[in-house]
Structures are given as C-alpha cells and as structure tokens.
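Asks: One structure coming up, written as structure tokens, with questions to follow.
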Amino acid sequence: MSTHLETEFKILIEKNTYQKMLLAFQSVHGAPIVQTNEYFQDRQGILKAHYCSLRIRHLDGTYELTLKKPQGFAKLEFNQMLDADTYQKFKQKVSFPSPVLDELAKEGVHIQDLEAITTLTTTRYTFPYANGTLFLDANRYGKHQDYEVEFEVDNEAEGRLIFQDLMHTYGYSYQQNCPAKMTRALQALD
C-alpha cells in the first residue's frame, strides 16, 4: 500500500476551453489515457458522513483500490493495487489482507457493507506544469459529459496562485474546487 497527500485544484470548464487548452499544451501532453473509476459507498453512510470516498480505478487491465480521507484542504490517499482475482474477491465481498480495508475498518466500515454505486470514465491528458502536474479530463458518467482541469501540487499556497493565473488566462476565475468526480457522478443518478 502507498499513501499520498493529494493537494489539488480543480475547475469545470467548457468544451471549447478544453479544446483550446489541449491545443495550447499539445507539445507536452502526449497521448491520453482512458480510466474508469468505480465508486463505492457503505450502507450505513459512514464514508459519506466523514467526507471519505472509495473507488477502484480500472486502467489498462489493472485495478487500484483508493480510499480518500480529508486532511485540511488536501486528501490523504491510501492506494493498493489489486490483481484480477483480488478484484473479484472485493466485488464478491470476500475479505482479503488489505491495508486499505484495515483503514476502512477504523472508520467502522467492512467489505460486506460496501455497494458499487456508479462509474465515471475519464479520458485524461497529464503533463508537468509549473511546480506541479496538470490534468485535462473529459469525463463521461451516465448520460453526462463534462470537462475539467486539475492541478496537483506539493505547496498549496503557491499552487493556488499558479492555478488562478492559468485559469484567468482562459477567462475563468478560480475560487474553490468544483465538486469531486464521485459527487458529480452520484448527482447524475438523481
């Protein structure tokens, strides 16, 4: 298992802005990846009440289990790669040795409590920008499509200024993060 403190800024943008940004950064972004996030909640609503999220990311035949817990502005991520057999155990609610499941248990959530609730598929361009990493995402969930810019950094104050300047260049005023992908995908179910 790995842990990572994720400090990111993100904003929803219009399709034409997304296309302009892809063109502006075409010399550095390379080919996109396509990933699908499968989101889970517990029947008791403990994760939601604690502002935690749980997903399995499907990418090129791999499965990454991620629990995100709030840590001030940032999120503390607990990540664990799963092989295909372990992924199937997870889906069948069969327990297996897992530091991520151990973290869930600390919150009072057990594998038997989890339900898959929705998915979201992202076509993602990733590249270094200033002192961080920039992500240009086209997201599909249900009948919805949206476009998002994310900027992940180590230094929150510096990152905020860089992101505000970048988004100002494209006519956007960044004030706060847009709702998370999981939140948007869940809202689309209503």
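The values are calculated or read from the model by the stated rules, or taken from the named source; none is laboratory data. Quick caveat: nothing in here was measured; it's all calculated off a predicted structure. Heads up, the Cβs are rebuilt from the backbone with ideal geometry, glycines too, and the neighbour counts pull from every protein chain shown.
Asks: (1) surrounded by 15 or more Cβ atoms within 10 Å (Cβ to Cβ); (2) over 18 Å from the mean Cα position of the chain (by Cα); (3) at pLDDT 95 or above: which one isn't true of Glu107, the others all being true?
Replies: Failed condition: (3).
Asks: Of the conditions (1) out of contact with any strand residue (DSSP E or B) (no Cβ under 9 Å at 6 or more places or on another chain); (2) closer than 21 Å to Tyr63 by Cα, Leu161 fails just one. Which one is it?
Replies: (2)
Asks: Could you please find all residues in region 111-128 being surrounded by 14 or more Cβ atoms within 10 Å (Cβ to Cβ) and without any contact (Cβ under 8 Å) to a residue 40 or more places away in the chain?
Replies: Scanning region 111-128 gives a single hit, Ile111.
Asks: Of the conditions (1) closer than 16 Å to Leu5 by Cα; (2) out of contact with any Cys (no Cβ under 6 Å at 6 or more places or on another chain), Lys69 clears all except one; give me its number.
Replies: Of (1) closer than 16 Å to Leu5 by Cα; (2) out of contact with any Cys (no Cβ under 6 Å at 6 or more places or on another chain), only one is false for Lys69: (2).
Results for (1) within 16 Å of Ile11 (Cα to Cα); (2) of a type outside the set (Asp, Glu), shown as yes or no for each residue.
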{"residue": "Val109", "(1), (2)": "no, yes"}
{"residue": "Ile117", "(1), (2)": "no, yes"}
{"residue": "Thr126", "(1), (2)": "yes, yes"}
{"residue": "Asn131", "(1), (2)": "no, yes"}
{"residue": "Tyr141", "(1), (2)": "no, yes"}
{"residue": "Asp154", "(1), (2)": "no, no"}
{"residue": "Gly159", "(1), (2)": "yes, yes"}
{"residue": "Leu166", "(1), (2)": "yes, yes"}
{"residue": "Tyr170", "(1), (2)": "yes, yes"}
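Asks: Then there is this: Going through region 1-36 one residue at a time, which ones are more than 29 Å from Ala157 (Cβ to Cβ) and either of a type in the set (A, V, I, L, M, F, W, C) or at pLDDT 95 or above (or both)?
Replies: Correct list: Met1, Lys15, Asn16, Gln19, Leu23, Ala31, Pro32, Ile33, Val34, Gln35, Thr36.
Asks: Would you check if there is a residue in region 91-103 being β-branched (Val, Ile, Thr), farther than 22 Å from Lys181 by Cα and touching a residue at least 12 places away in the same chain (Cβ under 8 Å)?
Replies: Taking region 91-103 as the starting set, the residues that turn out to be β-branched (Val, Ile, Thr) are 94, 100.
Right, trim to farther than 22 Å from Lys181 by Cα and you get 94.
Narrowing the set further to residues that are touching a residue at least 12 places away in the same chain (Cβ under 8 Å) leaves 94.
Yes: one or more hits.
Asks: For region 129-166, which positions are crowded, with 17+ Cβ neighbours inside 10 Å, among the small types (Gly, Ala, Ser) and either in a helix (DSSP H, G or I) or in contact with a Lys or Arg (Cβ under 6 Å, 6 or more places away or on another chain) (or both)?
Replies: Listed by number, the list holds a single entry, Gly159.
Asks: OK, next. Among the hydrophobic types (A, V, I, L, M, F, W, C), touching a helix residue (DSSP H, G or I) at 6+ places or on another chain (Cβ under 8 Å), at pLDDT 95 or above and over 10 Å from Lys10 (Cα atoms): does that describe Ala185? Break it down stepwise before answering.
Replies: Values: among the hydrophobic types (A, V, I, L, M, F, W, C): yes; touching a helix residue (DSSP H, G or I) at 6+ places or on another chain (Cβ under 8 Å): no; at pLDDT 95 or above: yes; over 10 Å from Lys10 (Cα atoms): yes.
So Ala185 does not fit the description; no.
Asks: Give region 92-112 a look and list any residue that's under 18 Å from Tyr63 (Cα atoms) and part of a loop (DSSP other than H, G, I, E, B), or say none.
Replies: Passing the criteria: Gln92, Lys93, Val94, Ser95, Phe96, Pro97, Ser98.
Asks: Something else now. Going by the structure shown, is Thr126 hydroxyl-bearing (Ser, Thr, Tyr), modelled with pLDDT of 95 or more and touching a Lys or Arg at 6+ places or on another chain (Cβ under 6 Å)? Quick ask: steps written out before the conclusion?
Replies: Details: hydroxyl-bearing (Ser, Thr, Tyr): yes; modelled with pLDDT of 95 or more: yes; touching a Lys or Arg at 6+ places or on another chain (Cβ under 6 Å): no.
Considered against the rule, which asks whether it is hydroxyl-bearing (Ser, Thr, Tyr), modelled with pLDDT of 95 or more and touching a Lys or Arg at 6+ places or on another chain (Cβ under 6 Å), Thr126 comes out as no.
Asks: If you don't mind, another one. Kindly indicate the residue of region 71-81 that is over 13 Å from Pro99 (Cα atoms) and touching a Leu at 6+ places or on another chain (Cβ under 8 Å) and also surrounded by the most Cβ atoms within 10 Å (Cβ to Cβ) among those meeting that condition. Walk me through how you get there before you give the answer.
Replies: From region 71-81, those over 13 Å from Pro99 (Cα atoms) are 71-76; that's our starting set.
Of the ones still in play, those that are also touching a Leu at 6+ places or on another chain (Cβ under 8 Å) are 71, 74-76.
Working: Gln71: 12, Ala74: 17, Lys75: 20, Leu76: 16.
Step by step, filter region 71-81, then rank; the result is Lys75.
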